[in-house]
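The values are calculated or read from the model by the stated rules, or taken from the named source; none is laboratory data. Just so we're clear, the structure is a prediction, and the values are computed from it rather than from any experiment. In this analysis, Cβ positions are derived from the backbone assuming ideal geometry, glycine residues included, and neighbour counts consider all displayed protein chains. Accessible surface is based on the protein model in full, side chains and every heavy atom, while ligands, DNA and RNA are left aside. Shrake-Rupley method; radii C 1.70, N 1.55, O 1.52, S 1.80 Å.
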Amino acid sequence: MNYKAKSKLDTVNKILAVILVLTFIALILVVTLYKGNSEAQPVEGEGGAASTVTIEPFAAGTYGGINFDTQEDVINYYIEALNKTKSLTASYTENGSPATYYKMVCEEALTVENVLIEGKQNSLIDNLVPTLLDEMFQGGVNGLPPSTNRNPDLDKTADGTVDFKTTPLLVDDIAACNVVDNGDGTITLTLQPKSTILSMPGKDSQGRFFNTLGDITSTVESISVLSFSGGTIDENFVVNYDGGTGVVKIDTNSGEIIEADYTLLVHIDVQHANILAIKDKSASLDVVFKLHAPASDQYLLETKNLVRG
């Protein structure tokens, strides 16, 4: 079992759980109610979710000397480039000792936005969330997603059932994609996976594309002061993965990914929650988890005392 991967997911989930509890506690300061509506262009995704497509549509053509007739061609080219890039390793020094890890590793950044209590912002929570994240979250260093480790031999799900040395992504996991010719021997692919309600690493359209959070509901269930006035946790605690993108630049000569930015978007919505004397209330928040590759030398040194070469 990959205990490090499980520990990292547990840490992120605990951060989110603490924020949710603090959000509900702040309800005591709320005296007005507000409900907002949003519009989206839906495409049916997994688990009853609707996928919001926010990128330009695919246009068939030749880009960087590569012919793409269909969206499937783009996805397969991405899969091939990702697998080739993840087959490459490089030498590092970690804490003074030599190590061999993926050549292309990522920086990580986590933010929590749009925290709403009964549909309304609360200044106490807005001011507290950044401080809480700074204290509790430290970015890791892993391979291109999905990935749980910078060491290819340890890059697998916590239960060991999915190995991430090659991507588990399926053509059908992608809702939309497009290609841009950069005119310098590189092309940029933008891909948007289908949405899911909840996501397990390596097990669904989001988990086969991003580093997803896993079973956050079990973390919420473990909070002794939290209960629900009616319904099940699955009905009242909805974790919607939707709208995230991956943008990768590929050298068409080598077939390698030379730069990548992944933005995972998660909307968490809680209804009918009870915390101590606060009864039957709602709250929501957005999680933004960003990966950038290649990680900078400064990031590697500051986060893991890791030096290339």
Are any of the residues in the range 129-144 assigned to a loop (DSSP other than H, G, I, E, B), modelled with pLDDT of 95 or more and open to solvent by 50 Å² or more (accessible area, probe 1.4 Å)? no
Any idea which of Thr52, Thr32, Thr23, Thr11 is among the polar types (S, T, N, Q) and either at pLDDT 95 or above or touching a Gly at 6+ places or on another chain (Cβ under 6 Å) (or both)? Thr52
Among strands (runs of 3 or more DSSP E) entirely inside the range 58-97, those with 3 or more residues being more than 19 Å from Thr190 (Cβ to Cβ) are 89-94
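If we scan the range 208-216, do we find a residue that is over 19 Å from Asn83 (Cβ atoms), crowded, with 22+ Cβ neighbours inside 10 Å and among the polar types (S, T, N, Q)?
Yes, the conditions are met somewhere in the range 208-216.
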Exactly one of (1) within 11 Å of the chain's Cα centre (by Cα); (2) surrounded by fewer than 23 Cβ atoms within 10 Å (Cβ to Cβ); (3) among the hydrophobic types (A, V, I, L, M, F, W, C) is unmet by Ile197. Its number? (1)
Taking the range 291-309, which residues are more than 13 Å from Met104 (Cα to Cα) and open to solvent by less than 20 Å² (accessible area, probe 1.4 Å)? Leu306
Looking at the range 260-290, which of its residues are open to solvent by 10 Å² or more (accessible area, probe 1.4 Å), within 23 Å of the chain's Cα centre (by Cα) and not hydroxyl-bearing (Ser, Thr, Tyr)? Asp261, Leu265, His267, Asp269, Asp286, Val288, Phe289, Lys290
